[in-house]
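Chemist: The structure under discussion is supplied below as structure tokens; questions concerning it will follow.
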Amino acid sequence: MAEFKARRQKLIKLMGEGVAIIPTAPESIRNRDSHYPYRFDSYFYYLTAFKEPESLLLLIGGDQPKSVLFCRDKDMEREIWDGFRYGPAGALEEFGFDEAYSINQLDEIAPKLLANQPKLFYSLGADTSWDARMTGWLNQLRSQGRTGISAPDEIADIRKLVDEMRLYKSAYEIDIMRRSGRIAGIAHQRAMQVTKPNKMEFEIEAEFLHEFYRNGAQAAAYTSIVAGGANACTLHYNANNAKLNDGDLLLIDAGCELDGYASDITRTFPVNGKFSAAQKDLYELVLASQAAAIAQVKPGSHWNAPHEAALDVLIRGFIDFGLCKGSPEAVLESGDYRQFYMHRTGHWLGLDVHDAGEYKANGEWRKLEAGMTLTVEPGCYVRPADNVPEHFWNIGIRIEDDALVTEQGCEILTLSAPKTVADIEAIMQR
């Protein structure tokens, strides 16, 4: 628990005077008496390692700092039905908080801890039910003004401080992300090995989900995309219910969640195990654009440098293949390339698939630094159109890897997923 205790201590120092309140996510009912699988709030977990619902972390800054957890009571009757609970005493002993109380005492204790504090750190607007509860506590304190009790007169977004902390991954986090990337990469290998014409998209999805769980991942990190043929030209396709046709490509965007941390991989490969000439041309173009982007993932590069590098390669390829007309500069300025490449080249990665952290600082793209983790994912999507050569129709390609910025450059965390034409065709032939 030393890692998590150190995070709390760092956040308390960043806060200075004041109180921070960070609730975890609520349970969500799927239907009748069935719940969705529970997933904790990322901010809460980042500071606590505590996975139980109905919990809240309260941090007090200043001269007498402390961390306080509110959680469910130990309840042997409920544990028969729902499983183990730490209870306040168990949580205090196991997770290193300074104090722990029953969540049933929250409305009694929290206002007392907020009293006479100059500042409240809280994610206003993230959850309307918590907003209402917070307003009640503040109004309760304001009503006691004649007794010398005051409410915080300033509210700051706690996410701003924690986002900056989460942007830099520790050795502990990097180890988990390496394992998450390796598991997801092995799952993509399995998908390649079992794909054949006339199988269904969902059959392939079942195979890589099996591999996730078999290797210890607790969940898919997001709703998987398994898109054959023209479906790959829909960026967020997730019906995953079409037949895979001989001669088509299959695009799979899928990652797993391991101990809270996400991997995010996309691979595109031929259903029959052999790229056609047109498919290979566009695939090699996207792969080259990704290599150019990865070369820009290094300390000192600004956030947009990988995107600019990928875009330059893609635009020149689009011109060579007759998809765009004019000089590279003219195509870039006109935005004509967006017919075939309409998204950016990456995002932060961590506890959330699209992880916490700003992309600009003081109006400028922020510089990459060691410890940051991001995806690199250029693509090309060619829908049928009068200005498009027919042999490129319905080809959708994306190649995505997870990258850790290091002191020397970057480390790709997802190398276990094959991506060269030769490697893909070889593993599919086996």
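Chemist: I'd like to check something: does the stretch 45-68 contain any residue that is buried (at least 19 other Cβ atoms within 10 Å of the Cβ), among the aromatic types (Phe, Trp, Tyr) and closer than 18 Å to LEU161 by Cβ?
Modeler: Yes, that holds for at least one residue.
Chemist: Let me ask you something else. Going through the stretch 4-35 one residue at a time, which ones are farther than 20 Å from ALA126 by Cβ and under 22 Å from the mean Cα position of the chain (by Cα)?
Modeler: PHE4, the sole residue that qualifies.
Chemist: OK, next. Consider the stretch 101-146. How many of its residues are part of a strand (DSSP E or B) and open to solvent by 20 Å² or more (accessible area, probe 1.4 Å)?
Modeler: Counting residues in the stretch 101-146 that are part of a strand (DSSP E or B) and open to solvent by 20 Å² or more (accessible area, probe 1.4 Å) gives 1.
Chemist: When the stretch 184-198 is examined, which residues are found to be in contact (Cβ under 8 Å) with a residue 60 or more places away in the chain and outside any helix (DSSP H, G or I)?
Modeler: Answer for the stretch 184-198, where residues must be in contact (Cβ under 8 Å) with a residue 60 or more places away in the chain and outside any helix (DSSP H, G or I): THR195, LYS196, PRO197.
Chemist: Quick one: how many residues across the stretch 337-351 are closer than 16 Å to GLU400 by Cα and buried (at least 20 other Cβ atoms within 10 Å of the Cβ)?
Modeler: 6
Chemist: So SER42 fits all but one of (1) under 20 Å from PHE95 (Cα atoms); (2) open to solvent by 20 Å² or more (accessible area, probe 1.4 Å); (3) hydroxyl-bearing (Ser, Thr, Tyr); what number is the exception?
Modeler: With (1) under 20 Å from PHE95 (Cα atoms); (2) open to solvent by 20 Å² or more (accessible area, probe 1.4 Å); (3) hydroxyl-bearing (Ser, Thr, Tyr) applied to SER42, the lone miss is (2).
Chemist: Answer yes or no as to whether HIS354 is outside any loop (DSSP other than H, G, I, E, B) and either polar (S, T, N, Q) or open to solvent by 50 Å² or more (accessible area, probe 1.4 Å) (or both).
Modeler: no
Chemist: Any idea which of LYS298, LYS280 is among the basic types (Lys, Arg) and touching a strand residue (DSSP E or B) at 6+ places or on another chain (Cβ under 8 Å)?
Modeler: Just a single option satisfies the conditions, and that option is LYS298.
Chemist: For the subset of the stretch 147-172 comprising residues that are β-branched (Val, Ile, Thr) and surrounded by 11 or more Cβ atoms within 10 Å (Cβ to Cβ), which member is nearest to GLY357 (Cα to Cα)?
Modeler: VAL162
The values are calculated or read from the model by the stated rules, or taken from the named source; none is laboratory data. Since this is a predicted model, take the numbers as computed values, not measurements. Note: ideal-geometry Cβ built from the backbone for every residue, glycine included; neighbour counts use all protein chains shown. All accessible areas refer to the heavy atoms of the entire protein, side chains included, with ligands and DNA or RNA removed. Shrake-Rupley method; radii C 1.70, N 1.55, O 1.52, S 1.80 Å.
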